[in-house]
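Presented below is the structure to which this report refers.
The values are calculated or read from the model by the stated rules, or taken from the named source; none is laboratory data. These numbers come from a predicted model, not from an experiment. Cβ: placed from backbone, ideal geometry, glycine included. Neighbour counts: every protein chain shown. We work out accessible area using only protein heavy atoms, side chains counted, and drop any ligands, DNA or RNA first. Shrake-Rupley method; radii C 1.70, N 1.55, O 1.52, S 1.80 Å.
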Amino acid sequence: MYEYLTGQVVDRFPSYIVLDVQGVGYRLLVGNPYAFAEKQTMTVYVQQIIRENDQSLYGFQTADEKRMFNQLLSVTGIGPKSALAILANGDQQTLSNAIAEENINFLTKFPGIGKKTASQIVLDLKNKVEQPSLLDEPTSDVPTALADALAALSALGYSDREVAKVEKALLKEAALSTDEYLRTGLRLLTTK
């Protein structure tokens, strides 16, 4: 229902923040509320979870963090609170690497995650884990047209790994339009 909210963080509590969006205060459950700067306007990516007795909004600093949260929710035995606790460490790259490398010991360090659940995370997410792309890093080297084309490839259903491989090849191309980047990317993805 919601993708993101833009507003001012007016309060932080141990498990949530309050985001004021044009006079409406949204209570967003977050992994680390102190990572959100108080009294500053910011965009927070949100995921609404509706349960039998509860409706909650979960907040994330990046779209990739939200994506990882939803992937963790797809794992048997992982609920929203466990997924949020896993993401609270703030290092998504290390988490993605641990899943890809089947590092069960790393995953069992999170509260409520035993060996069985850690093994299930690896089993369910090893080939789905999304590595943050070069576009997520602040850089002026990535043209807007390329960023738009890569977003379109993701929207077409290509995995982040596939898009990241194409991204490296497209960065070597001369400056193209979004449409040309998209066609070249599709050609690279379909000729493999």
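Assorted remarks:
- First in the range 141-164 and part of a loop (DSSP other than H, G, I, E, B), second anywhere and modelled with pLDDT under 80 and open to solvent by less than 30 Å² (accessible area, probe 1.4 Å), Cβ under 8 Å, 6 or more apart: none
- Taken together, the residues in the range 19-35 that are closer than 19 Å to Glu65 by Cβ and touching a Gly at 6+ places or on another chain (Cβ under 8 Å) amount to 8.
- Answer from Val75, Val46 - the residue that is touching a Phe, Trp or Tyr at 6+ places or on another chain (Cβ under 7 Å), under 24 Å from Ser159 (Cα atoms) and among the β-branched types (Val, Ile, Thr): Val46
- Of all residues in the range 92-115 being in a loop (DSSP other than H, G, I, E, B) and of a type in the set (Val, Ile, Thr), the one that is least open to solvent (accessible area, probe 1.4 Å): Ile113
- Total residues in the range 176-192, condition surrounded by fewer than 16 Cβ atoms within 10 Å (Cβ to Cβ), under 13 Å from Asp148 (Cα atoms) and not acidic (Asp, Glu): 2
- Selected residue (criterion: nearest to Lys126 (Cα to Cα)) from residues of the range 165-175 that are of a type in the set (D, E, K, R), in a helix (DSSP H, G or I) and open to solvent by 40 Å² or more (accessible area, probe 1.4 Å): Lys165
- Residue match in the range 66-86 (condition: modelled with pLDDT under 85, touching a Pro at 6+ places or on another chain (Cβ under 9 Å) and at negative phi): no
- Annotation note: Cβ proximity below 6 Å between a residue of the range 83-95 that is farther than 14 Å from Gly59 by Cβ and a residue that is open to solvent by less than 50 Å² (accessible area, probe 1.4 Å) and of a type in the set (Phe, Trp, Tyr) (sequence gap 6+ or interchain) occurs for Ala85/Phe110; Ile86/Phe110.
- Against the numbered list (1) closer than 28 Å to Asp91 by Cβ; (2) surrounded by 14 or more Cβ atoms within 10 Å (Cβ to Cβ); (3) at pLDDT below 80, Ala118 comes up short only at (3).
- Strands (runs of 3 or more DSSP E) lying entirely in the range 1-79 (those with 2 or more residues that are open to solvent by 30 Å² or more (accessible area, probe 1.4 Å) and under 26 Å from Gln93 (Cα atoms)): 4-12, 41-51
- Of all the residues in the range 77-96, those that are under 17 Å from the mean Cα position of the chain (by Cα), more than 14 Å from Asp64 (Cβ to Cβ) and not hydrophobic (A, V, I, L, M, F, W, C) number 5.
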